[in-house]
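The values are calculated or read from the model by the stated rules, or taken from the named source; none is laboratory data. Please read all numbers here as calculations on a predicted model, not as lab measurements. In this analysis, Cβ positions are derived from the backbone assuming ideal geometry, glycine residues included, and neighbour counts consider all displayed protein chains.
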Amino acid sequence: MSLSQLPQLLINGMLLGCIYAGFALGLSVILGVLKVVNLAHSAVLVLATLCYWELVNALGVDPLLSIVPIVVLFYFFGLALHRGVAQRLAREHDSTVLLAFFGIMVTIESIAVLIWTTDTRNVRLGYLGTVLRFWDLNIALSRVAAAVLIILVLTVIHLLLTRTLTGAAIRGLSENRDVASMVGIGVDRLTRRVFAAGTALAAFGGCILGLAMPFTPQGHVRWLAWAFLVVIIGGMGSVLNTLLAGLAIGLTESIVSVVLPTQYTYLILYAILAIALLVRRTGLGGVSERAV
Amino acid sequence: MEHSDGTGSGAVSPVPGRNTALDPAVASAPSPRRRLPPWVGPAIAVAYFAALAPLAYTLQLGIVTTLTTVLLTALVAHGWNILGGYGGYLNFGMAVFSGTGAYTAALLNSVHGWSMLITLVPAALAAMLLAIPVGIATLRLRGHYFAIFTLVLTFLAQTIVFNSSLLGGALGVYTTVDSAATPRQLAASFYYTLLVLVVIATVIAYAVEHSTFGHALRAIREDEVGAAILGVRTSDVKMRAFLLGAALAGLGGGVYAYLTGYIEPTGSFDLAFSLDVVLVCVIGGLGTWQGPLIGATIVVLLEQWLRTTIPDLSTYGISIPPEASRVVLGLLLVIFALFIRRGIVGMVRRRRGRVMSV
Amino acid sequence: MTRAATATQVLRMDRVTAGYYANDTVLDQVSLEARPGRVTVVLGPNGSGKSTSLRVLSGFLNARSGRTMLGSEGIDGLPPGERLARGIALLPQGRSVFPGLTVEENLRLGAWMLRKSPQRLQAAVDAMYDRYPVLRPLRSRPAGSLSGGQARLLEFGRTLILEPSVLLIDEPSVGLAPVLVDQVYDEIARLRDEGRTILLVDQNVQAAIDMADYVYTLAYGRNHLQGERSQFADELDSLIKQWLNL
């Protein structure tokens with residue numbers, strides 16, 4: 001690795017980091033507010049990517065515009081998933097919840113493989129497919145667009161949570177459900193909407209995945225691992241921390257990938273996950289306090 | 001004033017007809033469930049195994065193979081059930097431990113020429129050896145970290161083996177067995193090896209269920225903090241359960257390596273197998289020593305049936321790839337988790353209680 | 001929701017049976033009544049169903065049989081929010097502030113029912129700062145960083161922000177320093193003088209009886225004794241002895 005490569009590496013890593021933060025958004029919302037470990041997060045994410053792929057590649061819709069219908073669609077998918085499954089698990093043992101979501105993960109993944117096969121796919125980027133050149137830096141426009149979108153969404157979520165009464169209600173819900181319902185917040189409805197919003201954010205992450213890199217229906221568990229890595233390192237308290245955690249991981253991956261062959265990059269990141277689990281065992285804030 | 005109390009308003013007086021304040025509370029405990037005598041379950045299990053014993057030489061070879069798969073799945077499911085069923089710590093990467101056993105056995109066989117029975121012990125040891133660092137890293141945490149990490153571990157294992165030429169890489173490893181044996185003898189040798197292992201595993205599961213160790217695991221599942229406060233050394237207990245489970249999975253994997261004759265990374269570290277194992281325990285009944293036996297029989301037979309039936313549908317103009325069976329299994333898992341949480345054994349146990357107490 | 005309408009609001013619970021699990025009856029045919037401008041106290045040993053009565057009245061637990069009424073209107077089955085809209089507010093036991101939210105946000109959430117009209121909401125929040133001026137300088141502090149007394153005031157403020165006519169108060173002095181306990185009971189007296197209906201559940205028997213107008217005692221989830229305060233003042237010792245013998 002020569003020094004001249006460094007700026008390029010940093011830019012790659014930062015863009016990648018934003019993207020990883022985007023992957024973690026839905027997971028972080030559902031875990032943070034509802035204390036539900038959504039094991040099906042990445043399966044939903046990739047399902048959204050495949051729908052996005054259909055919109056862009058088969059129907060020829062603009063790649064940025066296509067994000068909107070996908071996110072809306074998955075909001076309703078989230079409502080249905082909550083009504084059908086998550087709601088019934090509200091008072092169940094953690095392991096029951098995990099089992100159910102593991103089942104959902106397998107179901108979604110298998111359906112996706114049935115419909116779309118195990119082929120690797122690329123979203124046709126059109127005008128986003130260009131590579132920007134500054135001096136000797138190459139920057140893929142699609143990734144820049146993805147990073148900008150993510151920072152935008154993160155900012156909106158941050159403002160929503162901290163500046164609005166609904167945001168306060170959501171934070172209140174995550175802190176003390178009983179008191180929230182005592183002050184008259186319709187906690188059941190709010191819970192349903194938060195779950196749906198988390199699913200919609202997972203779908204947003206799916207669109208980002210489609211914009212940023214090739215994907216397969218069955219390879220999603222890696223994104224689950226990455227999303228958890230972001231949540232564990234960043235915690236769930238603040239949106240800024242999510243972004244910083246994403247950046248840390250993106251930069252690590254970008255720099256390691258120069259030194260080692262690609263497959264070992266995964267090893268390093270899995271190792272970071274293991275270390276993060278060890279060190280930040282209280283990292284998931286309220287969730288970990290609830291039991292051990 | 002509606003504070004009526006019969007003796008005029010304002011007086012301090014007991015509510016009429018209710019001099020209950022000092023009466024003992026009426027016990028409202030449900031009538032005790034009469035259970036079948038404790039020997040009935042084990043007796044059925046003994047009968048079940050006795051019935052399985054002569055089958056290797058009497059049934060069609062294809063059916064023996066299916067039964068062998070049932071036994072293999074039951075063995076690994078027994079391993080899963082100890083920590084997952086009793087303790088509530090879900091291992092979604094059981095294939096990693098069986099795969100480790102498979103690779104250990106296969107490598108010892110192909111490099112050193114050791115035979116199946118000799119390599120089973122190192123296979124179990126290797127799986128336990130892998131479980132130690134994984135357990136140290138994740139078992140002190142809450143259950144969902146463990147679940148996530150083991151899930152991810154599957155892909156980590158694939159990656160490592162795939163890129164390691166020492167382990168055969170993408171090419172995999174071949175195993176050889178006694179070439180003089182007839183297919184029937186070969187099938188019987190796998191069948192009886194697994195039958196013996198499953199009997200041992202069932203005895204272990206029965207012993208765990210009725211021991212302090214099993215009670216400690218259940219306490220961890222119900223309330224880990226409470227268990228720790230009561231003096232259960234939770235990390236120790238979980239680690240032991242994990243190691244025991246990994247050993248059983250390693251044994252299963254060891255036999256698998258000879259059963260298929262050839263192993264490679266994606267087949268040995270297959271999420272689908274982990275799913276099967278989880279499903280077996282959930283359907284059979286989490287945290288029951290009979291669960292893996294019942295569940296394995298159902299899941300394997302169901303899967304075989306789906307595998308043969310779904311392609312048949314294409315003759316009716318419906319073409320569904322065989323992967324569709326996993327959709328069914330995934331949905332089954334969701335349905336059992338939502339509605340039949342205690343599995344078939346749980347249903348039988350509860351039904352029995354209700355019927356007898358009427 | 002305004003206090004003017006409260007003068008006639010009697011809160012009543014009539015032969016209510018309730019419990020948390022199928023086979024378990026915590027309340028067995030319990031009847032209570034609380035009237036405006038008076039403090040009605042419910043006493044009893046641990047596990048006698050005091051807090052459960054408040055849970056039923058505030059809508060967190062549905063009665064299996066029996067009725068709950070506000071004035072002449074039945075309120076059975078209404079969720080907590082609906083009861084709040086009808087002027088029944090609960091001040092629960094222990095700390096109930098949202099620790100991660102600021103004082104201001106806690107108050108605003110207390111006025112969640114007014115979210116459709118921001119001016120009224122803001123006016124209600126300002127009114128609480130006027131009522132408890134101590135809170136004003138703390139408005140942007142996280143509630144988790146408040147002292148016990150400050151947090152208790154915030155809880156009062158959040159409970160009163162909708163000007164409820166009926167207040168259900170559960171163990172108001174538990175966990176507070178002795179200095180603060182008097183302030184809490186003074187505050188309850190003030191609420192009574194404002195004409196509100198107050199149903200107070202308390203383990204602090206002496207303090208509760210001192211301010212009670214009417215007293216109920218429960219035992220094993222059933223009504224035991226009831227009567228005006230004057231009758232209870234003398235019986236207090238024997239009552240407590242009885243409970244200890246239980």
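Only residues that are surrounded by 20 or more Cβ atoms within 10 Å (Cβ to Cβ) and either of a type in the set (D, E, K, R) or assigned to a helix (DSSP H, G or I) (or both) were counted in segment B:160-179, giving 1. Exactly one of (1) under 26 Å from residue A:179 (Cβ atoms); (2) of a type in the set (S, T, N, Q); (3) free of Cβ contacts under 8 Å to residues at least 40 places away in the same chain is unmet by residue C:40. Its number? Every listed condition holds for residue C:40 apart from (3).
Here residue B:159 meets each of (1) within 14 Å of chain A (Cβ to nearest Cβ); (2) more than 21 Å from the chain's Cα centre (by Cα); (3) under 15 Å from residue B:98 (Cα atoms) with one exception, condition (3).
Rundown of residues vs (1) at positive phi; (2) free of Cβ contacts under 8 Å to residues at least 40 places away in the same chain; (3) not charged (D, E, K, R), yes/no style:
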{"position": "A:45", "(1), (2), (3)": "no, no, yes"}
{"position": "A:64", "(1), (2), (3)": "no, no, yes"}
{"position": "A:68", "(1), (2), (3)": "no, yes, yes"}
{"position": "A:92", "(1), (2), (3)": "no, yes, no"}
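Just checking, how many residues over segment A:111-130 are on the phi < 0 side of the Ramachandran plot and part of a helix (DSSP H, G or I)?
In the first step, residues of segment A:111-130 are kept if they are on the phi < 0 side of the Ramachandran plot; the result is A:111-116, A:118-125, A:127-130.
Imposing the further condition that a residue be part of a helix (DSSP H, G or I) reduces the set to A:111-116, A:127-129.
Counting residues in segment A:111-130 that are on the phi < 0 side of the Ramachandran plot and part of a helix (DSSP H, G or I) gives 9.
Counting only helices (runs of 4 or more DSSP H) that sit completely within segment A:133-251, those holding 3 or more residues that are under 28 Å from residue A:49 (Cβ atoms) and of a type in the set (Val, Ile, Thr) correspond to A:141-163, A:187-212, A:221-234.
Apart from one condition, residue A:167 fits all of (1) buried (at least 18 other Cβ atoms within 10 Å of the Cβ); (2) within 10 Å of chain C (Cβ to nearest Cβ); the exception is (1).
Output the number of residues of segment C:84-98 satisfying the condition of being at the interface with another protein chain (Cβ under 9 Å from one of its Cβ atoms) and farther than 15 Å from residue C:156 by Cα.
Residues of segment C:84-98 that are at the interface with another protein chain (Cβ under 9 Å from one of its Cβ atoms), as a first pass: C:84-85, C:89-90, C:92, C:96-98.
Filter once more, keeping what is farther than 15 Å from residue C:156 by Cα: C:85.
The number of residues fulfilling the criteria is 1.
Residues that are farther than 18 Å from residue A:25 by Cα, surrounded by 22 or more Cβ atoms within 10 Å (Cβ to Cβ) and not aliphatic (A, V, I, L, M) within segment A:182-198 comprise just one, A:184. Of all residues assigned to segment C:107-118, at least one qualifies as being at the interface with chain A (Cβ under 9 Å from one of its Cβ atoms), surrounded by fewer than 19 Cβ atoms within 10 Å (Cβ to Cβ), over 21 Å from the mean Cα position of the chain (by Cα) and within 30 Å of residue C:74 (Cα to Cα).
Yes or no, residue by residue, for (1) closer than 17 Å to residue C:35 by Cα; (2) within 14 Å of chain B (Cβ to nearest Cβ); (3) modelled with pLDDT of 80 or more; (4) surrounded by fewer than 19 Cβ atoms within 10 Å (Cβ to Cβ):
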residue	(1), (2), (3), (4)
C:168	yes, no, yes, no
C:188	yes, no, yes, no
C:202	no, no, yes, no
C:220	no, yes, yes, no
C:241	no, yes, no, yes
C:245	no, yes, no, yes
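Between residues in segment B:247-269 that are under 15 Å from residue B:107 (Cβ atoms) and part of a helix (DSSP H, G or I) and residues that are among the hydroxyl-bearing types (Ser, Thr, Tyr) and modelled with pLDDT under 90, which pairs lie under 7 Å by C-beta distance while being six or more apart or on different chains? Pairs found: B:257/B:175; B:258/B:175.
Among the residues of segment C:126-153, just one is within 12 Å of another protein chain (Cβ to nearest Cβ) and of a type in the set (A, V, I, L, M), namely C:143.
Taken together, the residues in segment A:106-140 that are charged (D, E, K, R), loosely packed, with under 13 Cβ neighbours inside 10 Å and within 14 Å of another protein chain (Cβ to nearest Cβ) amount to 1. Scan segment A:3-11 and give yes if some residue there is surrounded by 23 or more Cβ atoms within 10 Å (Cβ to Cβ) and either at pLDDT 90 or above or part of a helix (DSSP H, G or I) (or both), otherwise no. Looking through segment A:3-11, none of the residues is surrounded by 23 or more Cβ atoms within 10 Å (Cβ to Cβ) and either at pLDDT 90 or above or part of a helix (DSSP H, G or I) (or both). In segment A:212-225, what count of residues is obtained for those that are under 14 Å from the mean Cα position of the chain (by Cα) and away from chain B (no Cβ under 11 Å)? Of the residues in that region, 1 qualify. Is it the case, given these coordinates, that residue A:261 is without any contact (Cβ under 8 Å) to a residue 24 or more places away in the chain and closer than 28 Å to residue B:162 by Cα? So residue A:261 passes the test. Step by step: first the residues of segment A:141-154, then only those that are without any contact (Cβ under 8 Å) to a residue 24 or more places away in the chain and within 23 Å of residue A:245 (Cβ to Cβ), then the one that is farthest from the other protein chains (Cβ to nearest Cβ). Which residue is that? So the residue we want is A:148.
Of everything in segment B:142-156, what is among the aliphatic types (A, V, I, L, M), over 13 Å from residue A:39 (Cα atoms) and within 7 Å of chain A (Cβ to nearest Cβ)? Give them in sequence order.
Going residue by residue through segment B:142-156, those that are among the aliphatic types (A, V, I, L, M) are B:147-148, B:151-153, B:156.
Those left that are additionally over 13 Å from residue A:39 (Cα atoms): B:153, B:156.
Within segment B:142-156, B:156 is the sole residue that qualifies.
The set of residues from segment A:231-255 being out of contact with any Leu (no Cβ under 8 Å at 6 or more places or on another chain) and crowded, with 18+ Cβ neighbours inside 10 Å comprises A:233, A:246, A:247, A:248.
Can residue A:81 be described as surrounded by fewer than 24 Cβ atoms within 10 Å (Cβ to Cβ), part of a helix (DSSP H, G or I) and either at the interface with another protein chain (Cβ under 8 Å from one of its Cβ atoms) or at positive phi (or both)?
Taking the combined requirement at face value, the residue does not satisfy it.
Scan segment C:170-219 for residues that are of a type in the set (S, T, N, Q) and in contact with a strand residue (DSSP E or B) (Cβ under 7 Å, 6 or more places away or on another chain) and jot them down. Please lay out each step first, then the result.
Step one: filter segment C:170-219 for residues of a type in the set (S, T, N, Q), giving C:173, C:183, C:197, C:203-204, C:206, C:217.
Correct list: C:197, C:217.
Among the residues of segment C:70-80, at least one is farther than 18 Å from residue C:28 by Cα, within 11 Å of chain A (Cβ to nearest Cβ) and touching a helix residue (DSSP H, G or I) at 6+ places or on another chain (Cβ under 8 Å). Please tell me if residue A:133 is within 19 Å of residue A:201 (Cα to Cα) and charged (D, E, K, R). The answer is no for residue A:133.
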